[in-house]
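Student: Dropping the structure in here first, questions after.
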Amino acid sequence: MKTAWLFPGQGSQKIGMGQDVIELNDAKRRFDLASNIFKRDLYHICSFENDNNSDEKNLNNTKNTQICLFLVESILLDSLKSKGYKPDYLAGHSLGEITALYAADVLSFEECVSLIKIRSELMSSAVKGSMAALIGFDMEELRELVDSLEDVVIANDNSSSQVVLSGKKEELEKLSSKISCKRFIFLNVSGAFHSHFMNAPSQEFSKYLDDLNFKEPVSPVISNSNPSLCTDSNELKIRLKDQMCNGVRWRETMDLIKGQGEDVHIVEIGPSNVLGGLAKRHLKNIKISQVSSAKEISY
């Protein structure tokens, strides 16, 4: 049986996820190292409610969300590796792609922490916009409406029944009034991620990546901007450069994994079951497992 490890991105975070992993090997050192670089107590941020409503200490602040998710995911995946588990394929949703590159030994833990600091700061400083999730819709109708609007794009093509749109809030509201769907939900994010609104930060991010040495992956990685199996380090760098201002092609990623054979096991490694839920609704007859805390380092 082939196994794919999947790593979720923003939206899967939850208060308490730090406590769920802190007893695992090397967890405290990792939180301390990242906290020194980010100059804030990341373990406290992702373990306890924010009492004073400070945005700097809010887990949902992009600058905190991305690094906290990476810390939790990296601790879990290395605990799995220490028990002898290893994947045949790796993929991550948005921020999760960086965790996938770490899992494939393309980047070191320290390189990922520094990379995520730059990425989250650039995304937070981008031109403001909005994002909205759309559930239960006709794809042809959606594409026609998106094409008719100048500043709306499909940011995350998550499954046949769920997408996330990015763009100007007023244009997203216009689209919501025209389309027939089950649900249209504005997301609590600070920008229009995975869209042309990210062009300027994406260019800065690319410059930073130029100076990073990407090593050859030990397992094939499926990138968001080009969902195909990749074992070339230079190509993986190019694909990560393209990620910030292009859509996350997650539906194609799931179809690619399913297409590797009848016996495929999807393992979501992270604090919630967002990706497992998408796979369950989109794919038939596929085994799905979840590894989210120190209590379940197995599948």
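The values are calculated or read from the model by the stated rules, or taken from the named source; none is laboratory data. If you're wondering where the values come from, they're calculated on a predicted model, not measured in any experiment. Neighbour counts run over all protein chains shown; Cβ positions are idealised from the backbone, glycine included.
Student: Just to be sure before I move on: is residue 80 assigned by TED's automatic domain parsing to the domain that holds residue 266, touching a Phe, Trp or Tyr at 6+ places or on another chain (Cβ under 9 Å), within 14 Å of residue 21 (Cβ to Cβ) and buried (at least 23 other Cβ atoms within 10 Å of the Cβ) in the structure I sent?
Tutor: No.
Student: Right, another one. Within region 120-130, count every residue that is in a helix (DSSP H, G or I) and under 26 Å from residue 159 (Cα atoms).
Tutor: Going through region 120-130 one residue at a time, the tally reaches 2.
Student: Just checking, how many residues over region 240-265 are touching a residue at least 60 places away in the same chain (Cβ under 8 Å) and over 23 Å from residue 2 (Cα atoms)?
Tutor: 5
Student: I've got another one for you. Please go through (1) within 15 Å of the chain's Cα centre (by Cα); (2) surrounded by 17 or more Cβ atoms within 10 Å (Cβ to Cβ); (3) within 26 Å of residue 18 (Cβ to Cβ) for residue 288 and return the number of the only condition it doesn't satisfy.
Tutor: (1)
Student: Does region 275-284 contain at least one residue that is surrounded by 16 or more Cβ atoms within 10 Å (Cβ to Cβ), closer than 22 Å to residue 195 by Cβ, in the same structural domain as residue 74 (by TED's automatic domain parsing) and touching a residue at least 12 places away in the same chain (Cβ under 8 Å)?
Tutor: For region 275-284, residues surrounded by 16 or more Cβ atoms within 10 Å (Cβ to Cβ), closer than 22 Å to residue 195 by Cβ, in the same structural domain as residue 74 (by TED's automatic domain parsing) and touching a residue at least 12 places away in the same chain (Cβ under 8 Å): present.
Student: For the list (1) closer than 30 Å to residue 139 by Cα; (2) in contact (Cβ under 8 Å) with a residue 24 or more places away in the chain, I need the number of the one condition that residue 226 fails.
Tutor: The failed condition is (2).
Student: Of the residues that make up region 143-150, is at least one surrounded by 15 or more Cβ atoms within 10 Å (Cβ to Cβ) and within 20 Å of the chain's Cα centre (by Cα)?
Tutor: no
Student: Out of 130, 161, I need the residue that is more than 24 Å from residue 256 (Cβ to Cβ) and of a type in the set (S, T, N, Q). Which one?
Tutor: The conditions single out 130.
Student: Report whether or not residue 37 is in contact with a Leu (Cβ under 9 Å, 6 or more places away or on another chain), over 21 Å from residue 278 (Cα atoms), in contact (Cβ under 8 Å) with a residue 12 or more places away in the chain and among the aliphatic types (A, V, I, L, M).
Tutor: So residue 37 fails the test.
Student: So, residue 23, is that one surrounded by fewer than 17 Cβ atoms within 10 Å (Cβ to Cβ) and over 27 Å from residue 244 (Cβ atoms) or not?
Tutor: So residue 23 passes the test.
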